[in-house]
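The values are calculated or read from the model by the stated rules, or taken from the named source; none is laboratory data. Small disclaimer: the values here were computed from a predicted structure and weren't measured. Counting neighbours? That spans all protein chains shown, and the Cβs are built from the backbone with ideal geometry, glycine included. In case anyone asks, the SASA skips ligands and DNA or RNA and just uses the protein heavy atoms, side chains included. Shrake-Rupley method; radii C 1.70, N 1.55, O 1.52, S 1.80 Å.
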Amino acid sequence: MTKEIDDVASQIEQVIDEASGKAYLPPCQVRCPLKIDIQRNHVMISCLPLDEKEASSQILKIGDEVYEQNPLFPIVCGYICGLCEKECNYEEQTGAVRRILLLRFVAEHYLSHLKTKPSHPPLTGEKVAVIGGGPASLMCAYTLSKKGYRVSMVAKRSDLGGALRLIPQYRLPKNILDDTLDSLVRIARIDVKDVQFEPTMGDWKKTMDELRKEGYQAIFIATGTPFPRRLRFEGKLVAGADLEAVMFGLNLLSDVSQGKARPRLFEGKRVIVIGGGNVAFDTARTARRLGGKVTLVCLENEDKASKDGIPADVEEIEGASEEGIQIVYSRGVEEIVGEDGKFRKIKCPRCTSVYNEMGYRGFNPKFDKSDVIYLEGDVLLITIGQTWPRTPFRQVGLLDERDRIDVDPLTLMSNRVEGIFVGGDVRRIGYASDAMREGMVAAESIDRYLKGEDLKKGREMEYEKAAIPRAAEYKPQPELEWLPAKKRINFKPFEKGFTLKDAVEEAGRCLYCGPCKSCKACVMLGLQQEIPRIEVNREICSGCGVCAFLCSYDAIKLEKSGDKAVAVINDLRCKRCGVCAAACPSAAIVPEHSTNAEIMAEIEGALV
């Protein structure tokens, strides 16, 4: 019985700010598309014993909690993504908490356990078809399986993972990718049809009709953006893309992933890569590892803080520079010049502006054609984004009059064909975790649709970000440790991971900005029975303000009460640390039962 009470007490609660009606969370969790309990994970890691054998069971528990919310762990969170780090309150101080390395440490212990994790109970619900094998499809299928639905995935088994398979192995080792995907398919009992669903060929309408006849009650389409975007200048296609040695970066990454590229493919060759995103840097660093002398050309400037700043991650830019890749900023490509049918050089006018006043959605490059340079090379790799084919969606009647996919943005169900849902990169290009979010949303919608429930009720939520707590100083961010550039020009991982001690220290650097009730790690770890309230005895409070001065989270303020001031505690911001109670000269602040005499003595000792 006690265990049941503990389980209930440790369950996370949604905290709503009554004044704004918004959910109150740390900014890292607000940014996370999957709303993973980041603060809770960090507290639990920070409390690990420093003996690996003793820590083992607790590490697996942390891994289980992450996996419950993210079945693509450890790929996503442990090796790629990092969106939470971009929004960490520490970012503007000494640098974000290095969550990817924290969860990679957990993953090193968890992956072997994941292979033995039991499958979901036998599935008896309605049949649902998922078309595509990328992050959105996998998340949708997994979530529906948890709800008891029988899910079939129309995708080539070897292609599962979608765009994840294009990530170079020095960033995402193949064994991690394969083991994670195999475990997900097994655990969720997903029936992979193992057929190539060609997005540009065949009769999609016929395929959809056949799926309906086979008893599939709903269909989720998440075919991604499998085609590279062609190079344009001022709205017109740039000629010369058909010259020999002009290629697309996506095709190179695919060939390398499948083992089709020769080990020293670009030995002795000058390779030019066009693009400024992470995929362009993947392409450039891959070409470097294939022996090329690489130059990357992008429209954006090097100031990441400006509206026209390069979008690639700082680590990608620094890593590429260390590896000898030259980066040419603020240049477009007006012309691809060839000689005897072979690529020779590109004409590059200076780009004066990439986006208009609409920001990222207002892509509208402007150029100074009086400022031109020519860059010579032997190979040109175009990597400026991806796109999707309209024809199959048009066949099924899923496009609007402007040739756009017409779905409800809240539910992802087609506004034109009932029972068909569309999501992932094919609807809106983003990170893998963004696509997973779409898969999760689609699964919830499909569940409601098949149950005959309202697809929209209660699904809109706004969030308020917790502010950074005050501190005399903030702990420094640990430096990333990479192999020297000369030793890492290969496809082996080169970033040093955390030891147990490193992980405990870095997790302890987290500021735990969010509310206690949306964390409850202390209850899960048995440090408290439940989240206590901190109560102020208004009768004896002198209004001195010592508590307000000491509170790092600005959870206390003074309010007028009759002819005096009294302390008032904001339950959302209060951390139940007990500092205010220990410092109160009037003993007017009283923690509930969970804060015992020993803890109070520790707090009082720290204040001396």
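Points to keep in mind about this one:
- Wholly enclosed helices (runs of 4 or more DSSP H) of the range 1-60 bearing at least 3 residues out of contact with any Asp or Glu (no Cβ under 7 Å at 6 or more places or on another chain) and not charged (D, E, K, R): 2-9, 38-46
- Members of the range 549-562 found to be over 30 Å from residue 63 (Cα atoms), touching a residue at least 24 places away in the same chain (Cβ under 8 Å) and surrounded by 17 or more Cβ atoms within 10 Å (Cβ to Cβ), listed by number: 551, 556
- When we screen 404, 390 for residues that are of a type outside the set (Val, Ile, Thr) and under 26 Å from the mean Cα position of the chain (by Cα), the only hit is 404.
- So residue 526, is it at positive phi and either open to solvent by 70 Å² or more (accessible area, probe 1.4 Å) or of a type in the set (A, V, I, L, M, F, W, C) (or both): no
- Screening residue 66 with (1) more than 23 Å from residue 461 (Cα to Cα); (2) crowded, with 19+ Cβ neighbours inside 10 Å gives one miss only, at (1).
- Residue check for residue 399: over 28 Å from residue 171 (Cα atoms) and either surrounded by 20 or more Cβ atoms within 10 Å (Cβ to Cβ) or touching a helix residue (DSSP H, G or I) at 6+ places or on another chain (Cβ under 6 Å) (or both): yes
- Taking helices (runs of 4 or more DSSP H) as the structural unit, those lying wholly within the range 546-608 and holding at least 2 residues that are modelled with pLDDT of 90 or more and in contact with a strand residue (DSSP E or B) (Cβ under 9 Å, 6 or more places away or on another chain) correspond to 546-550, 579-583.
- Only one of 133, 125, 148, 95 that is part of a loop (DSSP other than H, G, I, E, B) and in contact with a Cys (Cβ under 9 Å, 6 or more places away or on another chain): 95
- Scanning the range 431-453 for residues that are surrounded by 17 or more Cβ atoms within 10 Å (Cβ to Cβ) and either of a type in the set (D, E, K, R) or not in a helix (DSSP H, G or I) (or both) yields 431, 434, 437, 438, 444, 447, 448.
- Of all the listed residues (284, 239), the sole one being touching a residue at least 12 places away in the same chain (Cβ under 8 Å), of a type outside the set (D, E, K, R) and in contact with a helix residue (DSSP H, G or I) (Cβ under 9 Å, 6 or more places away or on another chain) is 284.
- Tabulated pairs, the range 512-535, first under 18 Å from residue 23 (Cα atoms) and among the acidic types (Asp, Glu), second part of a strand (DSSP E or B) and open to solvent by less than 20 Å² (accessible area, probe 1.4 Å), C-beta under 8 angstrom, 6+ apart or interchain: none
- Test for residue 208: is it touching a residue at least 24 places away in the same chain (Cβ under 8 Å) and in contact with a Leu (Cβ under 6 Å, 6 or more places away or on another chain): no
- Restricting the range 26-50 to residues that are touching a residue at least 60 places away in the same chain (Cβ under 8 Å) and open to solvent by 20 Å² or more (accessible area, probe 1.4 Å), the residue that is nearest to residue 97 (Cα to Cα) is 28.
- Subset of the range 390-412 (residues that are in a loop (DSSP other than H, G, I, E, B) and over 18 Å from residue 220 (Cβ atoms)): 390, 400, 401, 402, 403, 404
- Residues satisfying the stated conditions in the range 143-161, i.e. among the small types (Gly, Ala, Ser), modelled with pLDDT under 95 and either crowded, with 21+ Cβ neighbours inside 10 Å or closer than 21 Å to residue 383 by Cα (or both): 155
- Within the range 459-475, the set of residues being part of a loop (DSSP other than H, G, I, E, B) and open to solvent by less than 100 Å² (accessible area, probe 1.4 Å) comprises 459, 461, 466, 467, 468, 469, 471, 474.
- Total residues in the range 314-370, condition under 28 Å from the mean Cα position of the chain (by Cα) and among the aromatic types (Phe, Trp, Tyr): 4
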